[in-house]
Amino acid sequence: GKSFPFVIDHVKGQIYNPDSLPFRTDVSRVVVTATTRNSALIYIKRLPSDTLGINKDSLVRYDATDSLDLRQPRVFRCLSLDGTGWRKYDVKVNVHQQSGDDFHWNRMADQPILSSMTAMKAVVLGDSLYVFGRAEGSGLVLGGSRKDGNLRMLTPDINTPIAADAYQGVVTMGRKMYFVNKGIVFSTPDGIHYEQKSHGDNGLVRLVAASRKELFALTTTGHIVCSRDEGSSWTETTIGDDKQLMPTEIAGYTCQPVRTNDEVDRILIVGKLTGRKYAASWTKITDYNDTHIVYPWTYVDVADDNRYALQAYNGLTITAYNDGALAFGTDAEGRFSQLLYSKDGGITWKPTETQAIPSAFQTSAAAFTGVADADNYIWLLNSDGQLWRGRLDRLAWKK
(Lines give C-alpha, C1' and ligand atoms only; values in the text may rest on other atoms or scores of the structure.)
Protein backbone atom coordinates (compact mmCIF):
# COMPACT_ATOMS: atom_id res chain seq x y z
CA GLY A 1 0.00 0.00 0.00
CA LYS A 2 2.88 2.39 0.59
CA SER A 3 3.55 2.36 -3.15
CA PHE A 4 0.13 3.88 -3.87
CA PRO A 5 -0.13 7.28 -2.12
CA PHE A 6 -3.51 8.91 -1.64
CA VAL A 7 -4.60 12.44 -2.45
CA ILE A 8 -6.75 14.52 -0.09
CA ASP A 9 -8.83 17.08 -1.97
CA HIS A 10 -10.13 19.46 0.70
CA VAL A 11 -12.10 21.53 -1.82
CA LYS A 12 -14.15 18.62 -3.13
CA GLY A 13 -13.99 16.60 0.06
CA GLN A 14 -12.47 13.56 -1.64
CA ILE A 15 -9.71 11.09 -0.78
CA TYR A 16 -8.47 8.71 -3.47
CA ASN A 17 -5.41 7.04 -5.01
CA PRO A 18 -4.58 8.45 -8.49
CA ASP A 19 -2.58 5.34 -9.40
CA SER A 20 -4.95 2.39 -9.21
CA LEU A 21 -4.09 -0.75 -7.30
CA PRO A 22 -3.20 -3.82 -9.42
CA PHE A 23 -5.88 -5.86 -11.15
CA ARG A 24 -7.72 -8.29 -8.87
CA THR A 25 -6.52 -6.63 -5.63
CA ASP A 26 -8.98 -7.63 -2.90
CA VAL A 27 -10.16 -4.52 -1.04
CA SER A 28 -13.08 -6.15 0.75
CA ARG A 29 -11.15 -6.24 4.06
CA VAL A 30 -8.63 -3.44 4.34
CA VAL A 31 -6.99 -2.15 7.50
CA VAL A 32 -6.85 1.63 7.15
CA THR A 33 -4.42 3.93 8.91
CA ALA A 34 -5.93 7.41 9.22
CA THR A 35 -4.77 10.44 11.20
CA THR A 36 -6.24 13.91 11.76
CA ARG A 37 -5.14 17.40 12.69
CA ASN A 38 -5.78 18.63 16.25
CA SER A 39 -6.95 15.20 17.43
CA ALA A 40 -10.22 15.32 15.50
CA LEU A 41 -12.37 12.19 15.83
CA ILE A 42 -13.07 10.00 12.80
CA TYR A 43 -16.43 8.39 12.12
CA ILE A 44 -17.36 6.16 9.17
CA LYS A 45 -20.79 5.88 7.62
CA ARG A 46 -22.13 2.34 7.66
CA LEU A 47 -22.79 0.49 4.43
CA PRO A 48 -26.49 -0.24 3.72
CA SER A 49 -25.75 -3.96 4.09
CA ASP A 50 -24.41 -3.30 7.61
CA THR A 51 -27.36 -1.35 8.97
CA LEU A 52 -29.71 -4.26 9.80
CA GLY A 53 -32.57 -1.92 10.49
CA ILE A 54 -30.38 0.80 11.96
CA ASN A 55 -30.67 4.30 10.50
CA LYS A 56 -28.94 4.17 7.11
CA ASP A 57 -27.02 7.34 7.98
CA SER A 58 -25.66 5.92 11.23
CA LEU A 59 -21.95 6.33 11.92
CA VAL A 60 -19.43 4.13 13.65
CA ARG A 61 -16.19 5.18 15.27
CA TYR A 62 -13.04 4.50 13.25
CA ASP A 63 -11.05 1.56 14.61
CA ALA A 64 -7.47 1.25 13.38
CA THR A 65 -7.49 -2.49 14.18
CA ASP A 66 -10.70 -3.39 12.32
CA SER A 67 -10.87 -3.88 8.56
CA LEU A 68 -13.14 -1.97 6.19
CA ASP A 69 -14.91 -3.02 3.02
CA LEU A 70 -13.60 -0.59 0.38
CA ARG A 71 -15.09 -2.21 -2.69
CA GLN A 72 -17.30 0.87 -2.93
CA PRO A 73 -16.73 4.49 -1.87
CA ARG A 74 -17.01 5.13 1.88
CA VAL A 75 -17.95 8.28 3.74
CA PHE A 76 -15.57 9.42 6.47
CA ARG A 77 -16.56 12.23 8.85
CA CYS A 78 -14.08 14.16 10.98
CA LEU A 79 -15.52 15.70 14.13
CA SER A 80 -13.62 18.36 16.04
CA LEU A 81 -12.57 17.38 19.52
CA ASP A 82 -14.94 19.93 21.11
CA GLY A 83 -17.83 18.77 18.94
CA THR A 84 -18.46 22.17 17.34
CA GLY A 85 -17.58 21.36 13.74
CA TRP A 86 -17.22 18.49 11.31
CA ARG A 87 -16.08 17.73 7.76
CA LYS A 88 -17.18 14.96 5.36
CA TYR A 89 -14.86 13.11 2.95
CA ASP A 90 -15.75 10.61 0.24
CA VAL A 91 -13.03 7.93 0.30
CA LYS A 92 -12.50 5.79 -2.78
CA VAL A 93 -9.88 3.11 -3.40
CA ASN A 94 -9.27 2.73 -7.13
CA VAL A 95 -8.43 -0.75 -8.44
CA HIS A 96 -7.59 -1.53 -12.05
CA GLN A 97 -10.42 -3.41 -13.75
CA GLN A 98 -8.09 -4.83 -16.40
CA SER A 99 -4.89 -6.82 -16.13
CA GLY A 100 -2.93 -4.27 -18.14
CA ASP A 101 -1.01 -6.81 -20.22
CA ASP A 102 -4.07 -8.12 -22.05
CA PHE A 103 -4.49 -7.12 -25.67
CA HIS A 104 -7.90 -6.92 -27.32
CA TRP A 105 -8.67 -6.71 -31.03
CA ASN A 106 -11.89 -5.32 -32.44
CA ARG A 107 -12.87 -6.00 -36.03
CA MET A 108 -14.23 -2.82 -37.54
CA ALA A 109 -16.61 -2.65 -40.51
CA ASP A 110 -14.99 -4.17 -43.60
CA GLN A 111 -13.75 -1.69 -46.20
CA PRO A 112 -14.34 -3.12 -49.71
CA ILE A 113 -12.57 -0.08 -51.15
CA LEU A 114 -9.26 -1.70 -50.08
CA SER A 115 -9.75 -4.71 -52.35
CA SER A 116 -8.35 -3.01 -55.45
CA MET A 117 -4.98 -2.26 -53.81
CA THR A 118 -1.92 -4.38 -54.54
CA ALA A 119 0.30 -2.45 -52.11
CA MET A 120 -0.52 -0.11 -49.26
CA LYS A 121 0.81 1.93 -46.35
CA ALA A 122 -1.34 3.26 -43.50
CA VAL A 123 -0.63 6.66 -41.95
CA VAL A 124 -2.27 8.39 -39.00
CA LEU A 125 -2.49 12.17 -38.84
CA GLY A 126 -4.54 13.81 -36.11
CA ASP A 127 -7.95 12.18 -35.92
CA SER A 128 -7.73 10.71 -39.42
CA LEU A 129 -6.54 7.43 -40.89
CA TYR A 130 -5.04 7.48 -44.39
CA VAL A 131 -3.99 4.69 -46.72
CA PHE A 132 -1.57 5.42 -49.55
CA GLY A 133 -1.17 2.63 -52.04
CA ARG A 134 -1.08 1.23 -55.54
CA ALA A 135 -3.93 -0.06 -57.69
CA GLU A 136 -3.74 -1.01 -61.36
CA GLY A 137 -0.28 0.52 -61.64
CA SER A 138 -1.27 3.94 -60.28
CA GLY A 139 -1.02 5.62 -56.89
CA LEU A 140 -4.11 6.40 -54.87
CA VAL A 141 -5.08 7.77 -51.45
CA LEU A 142 -7.88 6.76 -49.10
CA GLY A 143 -8.90 8.60 -45.95
CA GLY A 144 -11.36 8.44 -43.08
CA SER A 145 -11.97 9.15 -39.42
CA ARG A 146 -10.23 7.16 -36.68
CA LYS A 147 -13.57 7.01 -34.87
CA ASP A 148 -15.04 4.42 -37.23
CA GLY A 149 -12.33 3.73 -39.82
CA ASN A 150 -14.71 4.18 -42.73
CA LEU A 151 -12.50 4.98 -45.74
CA ARG A 152 -13.28 6.88 -48.93
CA MET A 153 -11.35 7.64 -52.08
CA LEU A 154 -9.62 11.04 -52.00
CA THR A 155 -8.94 13.17 -55.07
CA PRO A 156 -5.57 14.97 -54.84
CA ASP A 157 -5.56 18.48 -56.31
CA ILE A 158 -2.24 18.08 -58.12
CA ASN A 159 -1.60 18.04 -61.85
CA THR A 160 0.93 15.22 -61.70
CA PRO A 161 -0.73 11.89 -60.80
CA ILE A 162 0.66 10.17 -57.72
CA ALA A 163 3.24 7.60 -58.78
CA ALA A 164 2.63 3.92 -58.14
CA ASP A 165 5.57 3.67 -55.72
CA ALA A 166 5.00 6.98 -53.88
CA TYR A 167 3.20 5.20 -51.02
CA GLN A 168 6.49 3.68 -49.82
CA GLY A 169 7.88 7.00 -48.59
CA VAL A 170 4.97 8.70 -46.84
CA VAL A 171 6.02 10.23 -43.50
CA THR A 172 4.38 12.62 -41.05
CA MET A 173 5.77 15.76 -39.44
CA GLY A 174 3.70 18.19 -37.45
CA ARG A 175 0.25 18.43 -38.98
CA LYS A 176 1.19 17.31 -42.48
CA MET A 177 2.10 14.22 -44.47
CA TYR A 178 5.07 14.33 -46.84
CA PHE A 179 6.22 12.13 -49.72
CA VAL A 180 8.33 12.21 -52.87
CA ASN A 181 6.43 12.02 -56.14
CA LYS A 182 8.68 11.59 -59.18
CA GLY A 183 11.58 13.30 -57.43
CA ILE A 184 9.54 16.23 -56.09
CA VAL A 185 8.51 16.64 -52.43
CA PHE A 186 4.84 17.28 -51.70
CA SER A 187 3.03 17.92 -48.42
CA THR A 188 -0.63 17.56 -47.58
CA PRO A 189 -2.65 18.15 -44.39
CA ASP A 190 -5.64 16.08 -45.50
CA GLY A 191 -4.78 13.89 -48.50
CA ILE A 192 -6.68 16.24 -50.80
CA HIS A 193 -4.84 19.56 -50.84
CA TYR A 194 -1.17 19.33 -51.80
CA GLU A 195 1.71 21.79 -51.79
CA GLN A 196 4.87 21.33 -53.81
CA LYS A 197 7.82 21.84 -51.44
CA SER A 198 10.77 21.29 -53.79
CA HIS A 199 11.39 22.48 -57.32
CA GLY A 200 13.11 20.27 -59.84
CA ASP A 201 14.58 16.82 -59.40
CA ASN A 202 16.90 16.69 -56.36
CA GLY A 203 17.86 13.06 -56.94
CA LEU A 204 15.48 11.95 -54.21
CA VAL A 205 14.17 8.41 -54.32
CA ARG A 206 11.81 8.55 -51.35
CA LEU A 207 11.46 9.90 -47.85
CA VAL A 208 12.57 7.44 -45.19
CA ALA A 209 11.90 9.17 -41.86
CA ALA A 210 10.89 12.37 -40.11
CA SER A 211 11.69 13.85 -36.74
CA ARG A 212 9.71 16.64 -35.13
CA LYS A 213 11.51 19.22 -37.29
CA GLU A 214 13.40 17.35 -40.02
CA LEU A 215 12.74 15.22 -43.08
CA PHE A 216 15.12 12.51 -44.23
CA ALA A 217 15.29 11.10 -47.75
CA LEU A 218 17.21 8.44 -49.65
CA THR A 219 18.90 9.58 -52.86
CA THR A 220 19.71 7.80 -56.11
CA THR A 221 23.36 7.60 -54.97
CA GLY A 222 22.46 5.79 -51.75
CA HIS A 223 22.99 8.77 -49.43
CA ILE A 224 20.56 10.03 -46.81
CA VAL A 225 19.88 13.75 -46.99
CA CYS A 226 18.13 16.02 -44.51
CA SER A 227 15.76 18.95 -44.88
CA ARG A 228 14.96 21.44 -42.13
CA ASP A 229 12.59 23.55 -44.23
CA GLU A 230 9.86 21.00 -45.03
CA GLY A 231 11.60 19.64 -48.12
CA SER A 232 12.57 22.84 -49.93
CA SER A 233 16.32 22.31 -49.57
CA TRP A 234 18.46 19.33 -48.68
CA THR A 235 21.87 18.70 -47.14
CA GLU A 236 23.78 15.44 -46.98
CA THR A 237 23.96 13.72 -43.60
CA THR A 238 26.84 11.74 -42.15
CA ILE A 239 26.74 7.95 -42.35
CA GLY A 240 28.97 6.52 -39.65
CA ASP A 241 29.17 2.98 -41.04
CA ASP A 242 29.33 1.15 -44.35
CA LYS A 243 26.91 2.85 -46.73
CA GLN A 244 26.39 -0.48 -48.51
CA LEU A 245 24.43 -1.63 -45.47
CA MET A 246 21.85 1.12 -45.92
CA PRO A 247 18.58 -0.64 -46.85
CA THR A 248 17.26 -0.05 -50.33
CA GLU A 249 13.72 -0.97 -49.31
CA ILE A 250 12.66 0.98 -46.21
CA ALA A 251 9.91 -0.78 -44.24
CA GLY A 252 9.28 2.05 -41.79
CA TYR A 253 10.68 4.29 -39.10
CA THR A 254 10.09 5.50 -35.57
CA CYS A 255 10.92 8.82 -33.92
CA GLN A 256 10.75 8.92 -30.14
CA PRO A 257 12.14 11.30 -27.51
CA VAL A 258 15.00 10.07 -25.37
CA ARG A 259 13.68 9.37 -21.88
CA THR A 260 16.27 11.55 -20.19
CA ASN A 261 15.70 14.57 -22.44
CA ASP A 262 12.49 15.33 -24.33
CA GLU A 263 14.38 17.75 -26.57
CA VAL A 264 16.41 14.89 -28.03
CA ASP A 265 14.88 12.40 -30.47
CA ARG A 266 16.12 8.97 -31.44
CA ILE A 267 15.20 8.03 -35.01
CA LEU A 268 15.16 4.39 -36.13
CA ILE A 269 14.78 3.27 -39.75
CA VAL A 270 14.34 -0.38 -40.65
CA GLY A 271 14.47 -1.94 -44.09
CA LYS A 272 15.59 -4.82 -46.25
CA LEU A 273 18.79 -5.50 -48.15
CA THR A 274 18.87 -7.73 -51.20
CA GLY A 275 20.09 -11.23 -50.37
CA ARG A 276 20.14 -10.71 -46.59
CA LYS A 277 18.11 -12.87 -44.21
CA TYR A 278 17.76 -10.20 -41.56
CA ALA A 279 16.46 -6.66 -41.73
CA ALA A 280 18.89 -3.74 -41.53
CA SER A 281 18.36 -1.04 -38.89
CA TRP A 282 19.97 2.39 -38.57
CA THR A 283 19.60 4.97 -35.81
CA LYS A 284 20.30 8.66 -35.46
CA ILE A 285 20.14 11.18 -32.63
CA THR A 286 18.68 14.65 -33.21
CA ASP A 287 19.28 17.31 -30.55
CA TYR A 288 16.95 20.30 -30.81
CA ASN A 289 18.82 22.16 -28.07
CA ASP A 290 22.02 22.35 -30.09
CA THR A 291 21.53 22.17 -33.84
CA HIS A 292 25.25 22.69 -34.42
CA ILE A 293 25.92 19.13 -33.28
CA VAL A 294 25.21 16.73 -36.15
CA TYR A 295 25.02 13.11 -35.10
CA PRO A 296 25.73 10.43 -37.75
CA TRP A 297 23.49 7.60 -38.85
CA THR A 298 24.73 4.46 -37.08
CA TYR A 299 24.22 0.89 -38.23
CA VAL A 300 22.64 -1.44 -35.67
CA ASP A 301 24.96 -4.41 -35.84
CA VAL A 302 23.28 -7.79 -35.38
CA ALA A 303 25.41 -10.46 -33.69
CA ASP A 304 25.45 -13.92 -35.23
CA ASP A 305 24.09 -15.43 -31.99
CA ASN A 306 21.26 -12.89 -31.62
CA ARG A 307 18.16 -15.05 -31.16
CA TYR A 308 15.93 -12.02 -31.50
CA ALA A 309 17.19 -10.52 -34.75
CA LEU A 310 14.44 -9.22 -37.04
CA GLN A 311 13.98 -11.31 -40.15
CA ALA A 312 13.53 -9.61 -43.50
CA TYR A 313 9.85 -10.52 -43.73
CA ASN A 314 7.78 -9.88 -46.81
CA GLY A 315 5.58 -6.84 -46.34
CA LEU A 316 7.67 -5.89 -43.31
CA THR A 317 5.80 -3.20 -41.36
CA ILE A 318 7.33 -0.94 -38.71
CA THR A 319 5.53 1.50 -36.41
CA ALA A 320 6.19 3.16 -33.05
CA TYR A 321 4.30 1.62 -30.15
CA ASN A 322 4.53 1.33 -26.37
CA ASP A 323 7.77 3.35 -26.09
CA GLY A 324 9.45 1.16 -28.66
CA ALA A 325 9.09 -0.19 -32.18
CA LEU A 326 6.65 -2.82 -33.44
CA ALA A 327 7.25 -5.04 -36.46
CA PHE A 328 5.45 -7.81 -38.33
CA GLY A 329 5.33 -9.39 -41.77
CA THR A 330 5.07 -12.73 -43.55
CA ASP A 331 7.63 -15.43 -44.29
CA ALA A 332 8.37 -17.07 -47.63
CA GLU A 333 5.32 -19.34 -47.23
CA GLY A 334 3.02 -16.40 -46.53
CA ARG A 335 2.67 -17.13 -42.81
CA PHE A 336 2.41 -14.12 -40.53
CA SER A 337 5.03 -13.48 -37.90
CA GLN A 338 4.11 -12.59 -34.35
CA LEU A 339 3.93 -8.98 -33.29
CA LEU A 340 7.56 -8.23 -32.45
CA TYR A 341 8.76 -5.40 -30.19
CA SER A 342 12.10 -3.70 -29.88
CA LYS A 343 12.81 -1.67 -26.75
CA ASP A 344 16.54 -1.25 -27.42
CA GLY A 345 16.69 0.67 -30.67
CA GLY A 346 16.38 -2.22 -33.08
CA ILE A 347 18.94 -4.63 -31.57
CA THR A 348 16.43 -7.25 -30.43
CA TRP A 349 12.83 -7.90 -31.50
CA LYS A 350 10.86 -10.01 -29.06
CA PRO A 351 7.32 -11.42 -29.28
CA THR A 352 4.81 -11.22 -26.44
CA GLU A 353 2.51 -14.06 -25.45
CA THR A 354 -0.57 -11.87 -24.99
CA GLN A 355 -0.40 -10.06 -28.32
CA ALA A 356 -0.94 -11.78 -31.65
CA ILE A 357 -2.28 -10.83 -35.05
CA PRO A 358 -5.94 -11.94 -35.32
CA SER A 359 -6.20 -15.31 -37.02
CA ALA A 360 -8.93 -14.02 -39.34
CA PHE A 361 -6.52 -11.35 -40.60
CA GLN A 362 -3.88 -13.89 -41.55
CA THR A 363 -5.17 -14.46 -45.05
CA SER A 364 -3.37 -14.57 -48.38
CA ALA A 365 -4.42 -11.02 -49.20
CA ALA A 366 -2.32 -9.31 -51.86
CA ALA A 367 -1.37 -6.49 -49.51
CA PHE A 368 -1.55 -5.54 -45.85
CA THR A 369 -0.34 -2.74 -43.60
CA GLY A 370 -0.45 -1.53 -40.02
CA VAL A 371 0.08 1.64 -38.00
CA ALA A 372 -0.31 2.85 -34.41
CA ASP A 373 -2.11 6.06 -33.48
CA ALA A 374 -1.87 8.64 -30.70
CA ASP A 375 -4.44 6.77 -28.60
CA ASN A 376 -2.22 3.67 -28.63
CA TYR A 377 -4.44 1.70 -30.98
CA ILE A 378 -2.83 -0.54 -33.59
CA TRP A 379 -4.66 -0.57 -36.91
CA LEU A 380 -4.41 -3.51 -39.31
CA LEU A 381 -5.70 -3.36 -42.89
CA ASN A 382 -5.50 -5.72 -45.87
CA SER A 383 -6.71 -5.97 -49.44
CA ASP A 384 -9.42 -8.42 -48.40
CA GLY A 385 -11.09 -5.33 -46.98
CA GLN A 386 -10.45 -6.23 -43.36
CA LEU A 387 -9.93 -3.46 -40.81
CA TRP A 388 -8.92 -4.25 -37.23
CA ARG A 389 -8.15 -2.05 -34.24
CA GLY A 390 -6.48 -3.25 -31.03
CA ARG A 391 -4.83 -1.88 -27.93
CA LEU A 392 -2.82 -3.03 -24.94
CA ASP A 393 -5.15 -2.46 -21.98
CA ARG A 394 -2.77 -0.50 -19.78
CA LEU A 395 -2.05 1.98 -22.57
CA ALA A 396 -5.69 3.08 -22.32
CA TRP A 397 -5.43 3.99 -18.64
CA LYS A 398 -5.45 7.66 -17.74
CA LYS A 399 -4.15 8.94 -14.42
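The values are calculated or read from the model by the stated rules, or taken from the named source; none is laboratory data. Owing to the predicted nature of the structure, the values given are computational and were not obtained by experimental measurement. Cβ placement follows ideal geometry from the backbone for every residue including glycine, while neighbour counts extend to all protein chains displayed. Protein only, heavy atoms only, side chains kept; ligands, DNA and RNA dropped before computing areas. Shrake-Rupley method; radii C 1.70, N 1.55, O 1.52, S 1.80 Å.
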**Message:** Condition first: open to solvent by less than 50 Å² (accessible area, probe 1.4 Å) and within 21 Å of residue 327 (Cα to Cα). Can you find one or more residues in the stretch 194-207 that meet it?
**Reply:** yes
Yes or no: residue 252 open to solvent by less than 20 Å² (accessible area, probe 1.4 Å), outside any strand (DSSP E or B) and within 16 Å of residue 169 (Cα to Cα)?
-> no
Out of (1) in contact with a strand residue (DSSP E or B) (Cβ under 7 Å, 6 or more places away or on another chain); (2) farther than 20 Å from residue 252 by Cα, the one residue 325 does not meet is (2)
The condition from (1) within 30 Å of residue 4 (Cα to Cα); (2) free of Cβ contacts under 8 Å to residues at least 60 places away in the same chain; (3) part of a loop (DSSP other than H, G, I, E, B) that residue 97 misses is numbered (2)
Of (1) within 30 Å of residue 375 (Cβ to Cβ); (2) in contact (Cβ under 8 Å) with a residue 60 or more places away in the chain, residue 224 satisfies every one except (1)
Of 342, 359, the only residue that is more than 17 Å from the chain's Cα centre (by Cα) and either crowded, with 21+ Cβ neighbours inside 10 Å or without any contact (Cβ under 8 Å) to a residue 12 or more places away in the chain (or both) is 359
| query | Does residue 186 satisfy the condition of being assigned to a strand (DSSP E or B), touching a Phe, Trp or Tyr at 6+ places or on another chain (Cβ under 7 Å) and open to solvent by 10 Å² or more (accessible area, probe 1.4 Å)? | reply | yes
Practice item. Kindly indicate whether any position in the stretch 391-399 is more than 17 Å from residue 331 (Cα to Cα), surrounded by fewer than 17 Cβ atoms within 10 Å (Cβ to Cβ) and touching a Pro at 6+ places or on another chain (Cβ under 8 Å). Key: yes
With respect to residue 28, determine if the residue is assigned to a loop (DSSP other than H, G, I, E, B), modelled with pLDDT of 90 or more and either in contact with a Lys or Arg (Cβ under 6 Å, 6 or more places away or on another chain) or surrounded by fewer than 10 Cβ atoms within 10 Å (Cβ to Cβ) (or both). yes
Note: among 266, 276, 259, just one is of a type in the set (Lys, Arg), at pLDDT below 90, under 24 Å from the mean Cα position of the chain (by Cα) and open to solvent by 20 Å² or more (accessible area, probe 1.4 Å), namely 259
Within the stretch 61-89, residues open to solvent by less than 60 Å² (accessible area, probe 1.4 Å) and among the charged types (D, E, K, R) come out as 69, 74
Checked the stretch 215-231 for anything over 13 Å from residue 250 (Cβ atoms), open to solvent by 10 Å² or more (accessible area, probe 1.4 Å) and either among the aromatic types (Phe, Trp, Tyr) or outside any strand (DSSP E or B) (or both); matches are 220, 221, 223, 228, 229, 230
Output for Cβ contacts, cut-off 7 Å, separation at least six or different chains, first residue at pLDDT 90 or above in the stretch 195-212, second in a loop (DSSP other than H, G, I, E, B), reads 197/230; 197/231; 197/232; 204/183; 205/220
In the set 129, 114, 142, the lone residue that is assigned to a helix (DSSP H, G or I) and under 29 Å from residue 372 (Cα atoms) is 114
Exception for residue 334 within (1) small (Gly, Ala, Ser); (2) on the phi > 0 side of the Ramachandran plot; (3) outside any loop (DSSP other than H, G, I, E, B) falls at (3)
Those residues of the stretch 296-309 which are within 20 Å of residue 243 (Cα to Cα) and open to solvent by less than 80 Å² (accessible area, probe 1.4 Å) amount to 296, 297, 298, 299, 300, 302, 303
* To do: Kindly check whether there is at least one residue in the stretch 317-334 that is farther than 30 Å from residue 97 by Cα, touching a Lys or Arg at 6+ places or on another chain (Cβ under 7 Å) and surrounded by 15 or more Cβ atoms within 10 Å (Cβ to Cβ).
  => no
Residues in the stretch 1-22 that are touching a residue at least 12 places away in the same chain (Cβ under 8 Å), of a type in the set (A, V, I, L, M, F, W, C) and either part of a helix (DSSP H, G or I) or open to solvent by 70 Å² or more (accessible area, probe 1.4 Å) (or both) total 1
